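What follows is a single structure, written as structure tokens, with notes after it.
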Amino acid sequence: MKKRSGHRPAIQGAPVAELQGRRLGQRPLAVPLILASASPRRRRLMAFFPWKYRVRPSRVKEPAPRKHVAPRLFVKVLAGRKARDVARSVKEGLVLGADTIVYRNGKIYGKPSSQISAKRMLTELSGAWHTVYTGLSLVARPGNLEWGAVWKTRVKIRSFTPGQIDHWSRRNHDKAGAYAAQERGNPFVEEYIGDYDNVVGLPRRAVRLLIDKARRAGYRPAR
């Protein structure tokens, strides 16, 4: 696996909502950081930050991608739904929601629903460049503030034989595109342009961006 040199990372982050209301004070309010995801991969990436965090998975069901839906909009909306779902039961906290998809040739690839679905995805992605999008949403309580970012990384998957596709289609049904970027030995990713942790499911630069926005609004994660 190699990261291409000479290219700027293909990234984008933008606020979903501008700051509303007033600052809570000169000193930011220390509140729990809550990850609204059951993903063990995202938990491992969260462990790199200096903040303590809790896990409270969202109960929002991930819809099947519809045709002609922009990938940025898809992940932004779904990440927001996940964060707000958990935030409704939180009195104090910064709730982080995330959603990751694979996108190629106008088609969104979510999590496969079966081995047949996984085999189809891997066949279409084999040896091809595509884009991984992750949407993030950070919701603050108390208050009604929300910030968001959409990150993207270009990825090329290795070419697989029919036998390899059959083998890998039996696994990774909980991952967009039916492949695991963090798999030991990484049999999937050949090249990438951008942030690799975004391919795994949690772009840490984007998380820091959102936490900085929350700090400026008067919130900070408790340590």
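No lab work stands behind these numbers, since they all come straight from the coordinates. Fair warning: this is a prediction, and the values are worked out from it, not measured in the lab. Here the Cβ positions follow ideal geometry from the backbone for every residue, glycine too, while neighbour counts run over all protein chains shown.
From the list G135, G127, G106, the one residue that fits, being of a type outside the set (K, R) and within 25 Å of G163 (Cα to Cα), is G127. I'd like to know if region 99-114 contains one or more residues that are more than 23 Å from Y192 (Cα to Cα), buried (at least 19 other Cβ atoms within 10 Å of the Cβ) and either more than 20 Å from the chain's Cα centre (by Cα) or of a type in the set (S, T, Y) (or both). No: zero hits. Filtering region 172-198 to residues that are among the charged types (D, E, K, R), over 23 Å from A70 (Cα atoms) and touching a residue at least 40 places away in the same chain (Cβ under 8 Å) leaves E190, E191. Taking the criterion of being of a type outside the set (A, V, I, L, M, F, W, C), in contact (Cβ under 8 Å) with a residue 60 or more places away in the chain and closer than 19 Å to A214 by Cα, the residues of region 25-52 that qualify are G25, P28, P32, P50, K52. Once region 76-98 is narrowed to residues that are part of a strand (DSSP E or B) and over 16 Å from the mean Cα position of the chain (by Cα), the residue that is surrounded by the fewest Cβ atoms within 10 Å (Cβ to Cβ) is G93. Which members of region 134-145 meet the condition of being within 21 Å of G201 (Cβ to Cβ) and either surrounded by fewer than 24 Cβ atoms within 10 Å (Cβ to Cβ) or among the β-branched types (V, I, T) (or both)? Passing the criteria: T134, V139.
If you check every pair at least six apart or on different chains, which have Cβ atoms under 8 Å apart with a residue in region 54-66 that is over 30 Å from G106 (Cβ atoms) first and a residue that is hydroxyl-bearing (S, T, Y) and surrounded by 14 or more Cβ atoms within 10 Å (Cβ to Cβ) second? Taking only residues 6 or more apart or on different chains, the pairs are V55/S37; P57/S37.
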